[in-house]
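Here is the structure we will look at.
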Amino acid sequence: MPEGPVPLSEQEIVEALREIPGWRRDGDEITRTFGIRYHGGVAMIVHVADVERLIGHHADIDLRWGTVRFAITTHDAGHKLTAADFDLATRINEIARAHGAEALGG
């Protein structure tokens, strides 16, 4: 029995990306950038952080003036993509929508 999270196959990654609008693969991460005013971005990040704490999985977050970028991978799986990454991406999409963040790119 394998220990820790199980990395997804290439086909599973392709299929999972089809299910989460706006996210794209960047090597062994999935990423998405949202447009949002700075203070709104801070509030959105706090909301995401609360959810991350509850589920035990965290994104790398880059806050800029007018944008927030999320990058997700599973460190415990050797920096590979797992089902947990796509679950978190789905949750981030919902939180971003609730905060009125603008979808950028993809």
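Taken together, the values in this text are just the output of simple stated rules run on the coordinates, not laboratory data. Here the structure is a predicted model, which is why all the values come from computation and not from measurement. Don't worry about glycine lacking a Cβ; one is built from the backbone with ideal geometry, like all the others, and counts go over all protein chains shown.
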For this session: Please give the calculated 222 nm ellipticity per residue for the chain, where each DSSP H segment of at least 4 residues contributes -39500 (n - 2.57) and the sum is spread over every residue; nearest 500 deg cm²/dmol?
Result: -13500 deg cm²/dmol
For this session: Can you tell me the dipole magnitude for the chain around its Cα centre, using point charges on the Cβ only (Lys, Arg +1; Asp, Glu -1), in Debye to the nearest 20?
Result: 520
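Convex hull over the alpha-carbon atoms of the stretch 26-70: what's its volume per residue in Å³? Write out the running numbers ahead of the final one.
On the way: hull volume 2.8 nm³, N = 45.
Expressed per residue, the convex hull around the Cα atoms of the stretch 26-70 is 61 Å³.
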Problem set entry | Taking R32, R24 and counting other C-beta atoms within 10 Å, the order from fewest to most | R24, R32
Exercise. Distance in nm between label sites at E15 and L54, each 7 Å beyond Cα in the beta-carbon direction?
Worked result: 2.8
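Compute the relative contact order of the chain as a whole-number percentage, counting only Cα pairs closer than 8 Å that sit 6 or more residues apart in sequence.
Taking the mean separation of contacting Cα pairs over the length of the chain, I get 38 percent.
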Seminar exercise, completed: Options (i) -0.21; (ii) -0.27; (iii) -0.36 are given for log10 I(q)/I(0) by the Debye sum over Cα atoms at q = 0.09 Å⁻¹, and the computed one is (i)
